[in-house]
Amino acid sequence: MGVGVGKYVIRRLLQMIPVIIGVTFIIYVVVYALGDPTVGRCGERACPAGYIAKFRADYNLDKPLIVQYLLYMGNLVQGDLGTNFFGNQVVDELASRWPTTFRLGMMALVIETVIGISAGVLAGIRRGKFVDNLVTVSTLFLISIPIFVIGSTAQLVFGVRLGWFPVTATQGTFYQLIMPAFVLASASLAYIARLMRANLSENLRADYVRTAKAKGLTNTRTVGVHTLRNSLIPVITYIGIDVGVLMGGAVVTERIFNINGIGNFLYRSIRLKDGTSIVGTITFLVLIYLFVNLLVDILYGFLDPRISND
Amino acid sequence: MRGRTRGMVAVAITSLALVATACGGGGTEPAPGAEDPAGQAGGEITVYGCTPQNPPIPGNTNEACGSYVVVPITAKLIRYNVDNAAPINDIAESIETTDNKLFTVKLKPYKFHDGTDVKAKNFVDAWNYTAYGPNGQGNSYFFGPVAGYADTQCPDADCKQDPKSKTMSGLKVVDDKTFTIKTSEPVSNLPVRLGYNAFAPLPDSFFEDPKAYEAKPIGAGPFKLDSKTNTEFVLTKFADYGGDAKPNVDKVTIRIYQDSSAAYADVVANNLDYLDTIPPDQLVGQAFKDDLPDRWLQTDAGRFTSVTFSAWDPQMKNVELRKALSMAIDRDLIADKVFNGTVTPATGWVSPVVDGYKAGACGENCTFDAAKAKSAYDAAGGYKGTLTMTYNADNAINKAYSEAICNSIKNAVGADCRAVPTVDFATFQNKQDAKELKGIFRSGWVMDYPSIENFLTPLYAKGAIGGGGSNYSEYNNPEFEKLLAQAAAAKTTDEANTLYQQAELLLAQDMPVAPLWYPKTTVGYSDTVTNVKVDAFEQLDLVGIKRK
């Protein structure tokens, strides 16, 4: 398997290149089409001619689109994502915010994985009983309420009124991120629980389970070792996609709790029409997403020998 | 692969995740408010901030987010009284003139935060730098009145050629403590303008390395900037501030928020000491008063909202039609129902906070009277087709009041009025510059300095049409120009103000723009601070605020 995995990884890495080029080009064109970024930068009046001229020269806005794009890509392959409209290196902006987003994302991932899988397993093995109904109803609840409602309500109830958790997470410490992580994990937690429950109860009816029981295996080993592992495949797929989404920065949650992460940075860049930051951040997110997907695909191979990566 | 190994892979990944969660950089816990036994002096406060549009150079800071930082750390020739916006000498010992054209400025001994003295050349060099076109400073236009300004401007739109001169001939250093300003035309209110960011002095270190200054700006103000990160600016009291108004608190942390709702939640929870942007949903039914009992304040500000009658719409050339439409807007009702009392209906074109304000210039045309408006509208021939009211939709309240205005007009005179949004302010400005807007459209003004002149010249003078000016109604009246020139040459402020008031009455006759209201500033604060005051520029008085 060793060599096969190696070749597979290299092939996937090569496949990433056209994807990155395609995505950055599309984003670049879209941001370019957003219009003149100097409009609205000087309060209620138009900016002076000197300001506009300097701005355009500093950011290559006076050159044709394709030239701008090639200049940008030239810098990109050297690891330079450009200087944004505030005079900062985009790489520095992202690097200073990445730890917070990573921490928030990991916390949310742990929460949704642990609670989601546990709830799903409990519901799956006690199909039709109270636990099952409880899980089904509460997950339905979590899925149907939009995340900004969950976030704002949690902030108001647990933060402002009860004072159990900090209202905002500007500094991004572990304690401050607990509530935002729960909010972020809420919808995914619900999906994972349902996926787990459905798969587990389906697998429990499979032939090999009857064989295992007939062989004399305990319930714990049957469910906990064999069935669980098989039921995990679709859940891992979902978690894999979710990691990409979480690492991408949760724009809504970061906004509500004032978290200084990638999502909030992207929101700020769009609102202030900071073209270089937008393109740089999205390029970064695409890279993350592609790598995470690659990791998940490799993980499949380890989980289920029937899936081969050739 | 054997089962054990697979299990170990899963365990390894989970452990890695947990470890990564727990470590990973140090976020610092927010500093608790200093517990000062004396109670009144010293202490630290946290105030609302947002991302500045430009680096913190005073000559390039002209919007709220940048001003939060730049205003406390810079001192200028004058500062403004917090309660009535009257000018008070700060760095200036005196500003004298006999003809409103040649001004002699003498300085007091002030120091910059880096210990160097504030000399006359620090002002003159800074002002020349800001005015000089290729430096791309947003506040360059403030130096328009200075003699020689035109020579410092780019000859072409792309600034491919250098301007004729790097300095303005009207500024001369006499000695370390004296310099003179010569204006090309008489300017009777020049001293009152000199308190704005544009006129701040810059230390010698700025000219040696402007980039280093951006990282650590230095001024002569009562606070100095200690550090700045993505999430906050930290200001501390400057012990050697040369002025007499010394701050009460020791440290101010300006915390950056991307969303005012998050900041509002923090103020309610006493996690933030001051917020000046109450989210619109909290203004409805004055809900914020319940959340912040005894912790809110409403003051008048140097702001003005109006509707401009499109100069590019042939039907709008009819002055009687314009007056009728203005009379058809029920300002009191909109101020109450849409704004929940956070605006004051306007009776003229000038904000009540400024020197020279006189109420009632607009007269009956700004007083709602449906019957009178209808007969005036019919007599004027009415408006044929759909009357559009254009506004920028990125500010939530604009939609509400634009639709209310259209409803008011529709109900009073029967015109087919429709509120039309543009996606954001930038798009709106583009349409304005391209002269695409018909009917009526939203216009607004935030004052640069507290003078009646600032509500007239930049908005209605001939020189402000096109080329980056703000005269979007394209009002051009030789009589108005004459009054402005006479007022600018007047020997006393009272004389000047009387002439400006006469000019305002011309606006009432010609109605290029219909006044709507003066927005007020509503702020909220925590229950651990006291002596909270907001000036006419909507800036918190950081010098006066105290911890309880």
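The numbers here are math on the coordinates, done by the rules we state, and not lab data. Please read these numbers as outputs of a predicted model, since none were measured by experiment. Here the Cβ is made from the backbone with ideal geometry for all residues, glycine too, and neighbour counts use every protein chain on show.
Points worth noting:
- Region A:88-108 and region B:517-545 have Cα centres spaced 34 Å apart.
- Shown here is the pair-distance distribution of region A:83-131: with all Cα-Cα distances grouped in 5 Å bins from zero up to the longest one, the shares run 5, 18, 12, 12, 10, 10, 8, 7, 6, 5, 4, 3, 0 percent.
- With the simple model of a label 7 Å out from the Cα in the direction of the Cβ, B:N430 to B:A396 spans 2.6 nm.
- Projected area, mean over directions - region A:117-272, Cα convex hull, nm²: 10.9 nm²
- Distance histogram in 10 Å bins (all Cα pairs of region B:230-339, percent per bin): 10, 25, 25, 19, 14, 6, 0
- Per residue of A:101-110, other chain Cβ atoms within 10 Å of the residue Cβ number 4 on average.
- Seen through its C-alpha gyration tensor, with square-root eigenvalues sorted a ≥ b ≥ c, region B:493-544 comes out oblate because a/c lies at 1.5 or above while a/b is not bigger than b/c.
- Distance-filtered residues of region B:146-160 - backbone nitrogen under 20 Å, label point 7 angstrom along B:S169 Cα→Cβ: B:146-156
- On Cα atoms only, tilt of A:2-32 relative to the major axis of chain A in degrees: 40 degrees
- The equivalent ellipsoid of chain A has semi-axes of 44, 27, 13 Å, largest first, where each one is the square root of 5 times an eigenvalue of the Cα gyration tensor.
- Average beta-carbon neighbours from other chains, 10 Å sphere, peptide B:260-273: 5
- Distance in nm between pseudo-label sites at B:T493 and A:I233 (7 Å out along the Cβ direction from Cα): 8.3 nm
- Here the contact order of region B:112-168, divided by its residue count and restricted to Cα pairs under 8 Å and six or more residues apart, works out to 29 percent.
- Across the cross-link table entries A:K63/A:K273; A:K54/B:K435; B:K121/B:K491, which are compared at the Cα atoms, the separations over 20 Å belong to A:K54/B:K435; B:K121/B:K491.
- Each of A:L71, B:L292 was scored by other Cβ atoms within 10 Å of its Cβ. Listed from fewest to most, they are A:L71, B:L292.
- Counting Cβ atoms of other protein chains within 10 Å of each residue's Cβ and taking the mean over peptide A:256-267 gives 3.
- Near the amide H of B:I91, within less than 5 Å, lie the amide hydrogens of B:K76, B:L77, B:I78, all on another chain or at least 5 residues away, with H placed in the peptide plane.
- At R0 = 56 Å, FRET efficiency that the Cβ-Cβ distance of B:D510 and A:F141 yields, to 0.05: 0.35
- Per residue, the convex hull around the alpha carbon atoms of region A:77-158 comes to 171 Å³.
- Under Stokes-Einstein, with the Kirkwood radius over Cα pairs as Rh, the value for region A:212-303 at 20 °C and 1.002 mPa s is 135 µm²/s.
- Calculated from the alpha-carbon coordinates, region B:139-295 shows an Rg and a Dmax of 21.6, 60 Å respectively.
- Förster-model FRET efficiency, 56 Å R0, B:E320 and B:N531, C-beta, rounded to 0.05: 0.65
- The listed peptides A:97-109, A:280-292, ordered by packing as a protection proxy, come out as A:97-109, A:280-292 (highest mean of other Cβ atoms within 10 Å first).
- Fraction of alpha-carbon pairs over 19 Å apart in region B:125-209 - percent: 38 percent
- Using a cutoff of 8 angstrom between alpha carbon atoms and counting only pairs six or more residues apart, the relative contact order for chain B works out to 19 percent.
- Fraction in percent of alpha-carbon pairs per bin - 10 Å, region B:321-470: 11, 34, 41, 14, 0
- Protection proxy ranking, highest mean first, for peptides B:221-230, B:89-98: B:221-230, B:89-98, where packing is the per-residue count of other beta-carbon atoms within 10 Å, averaged.
- Compactness index (Cα Rg / 2.2 N^0.38 Å), the protein assembly as shown: 1.09
- One chain, two ends: B:D336 and B:T386. Fully extended at 0.36 nm per residue, the span grows by 15.3 nm beyond their Cα-Cα distance.
- Cα convex hull volume per residue for region B:411-548 (Å³): 193 Å³
- Rounded to 5, percent antiparallel among DSSP beta bridges of the protein assembly as shown: 75 percent
- With only Cα atoms counted, chain B has Rg and Dmax values of 26.1, 97 Å.
- Shape descriptor for region B:163-244: Rg over Rh equals 1.03 (Cα atoms; Rh from the Kirkwood inverse mean 1/r).
- Across region B:157-226, the relative contact order, built from alpha-carbon pairs under 8 Å that are at least six residues apart, equals 15 percent.
- Highest GNM mean-square fluctuation among A:V31, A:V223, A:V77, for chain A modelled with Cα contacts below 10 Å: A:V77.
- Peptide packing for A:4-10, A:173-179 was compared via the average number of neighbouring C-beta atoms within 10 Å per residue; ordered from the highest value, the list is A:173-179, A:4-10.
- Amide H contacts under 5 Å for B:E232, placed H, 5+ residues apart: B:I256
- Straight-line reach from B:K431: taking Cα to Cα under 17 Å and skipping same-chain neighbours fewer than 8 places apart, the aspartates and glutamates in range are A:D36, A:E44, B:D313, B:D394, B:E474.
- Residues listed by number, region B:81-125, amide nitrogen under 14 Å from B:A245 label point at 7 Å toward C-beta: B:81-92
- C-alpha center-to-center spacing [region A:177-217, region B:387-433] in angstrom: 53 Å
- FRET efficiency, B:K106 to A:L71 (Cβ-Cβ, R0 35 Å, nearest 0.05): 0.10
- Spin-label model, A:W164/B:E481: points 7 Å from Cα along the beta carbon direction are separated by 7.1 nm.
- Principal semi-axes in Å for region A:103-205 [√(5λ), Cα gyration tensor, largest first]: 29, 14, 10
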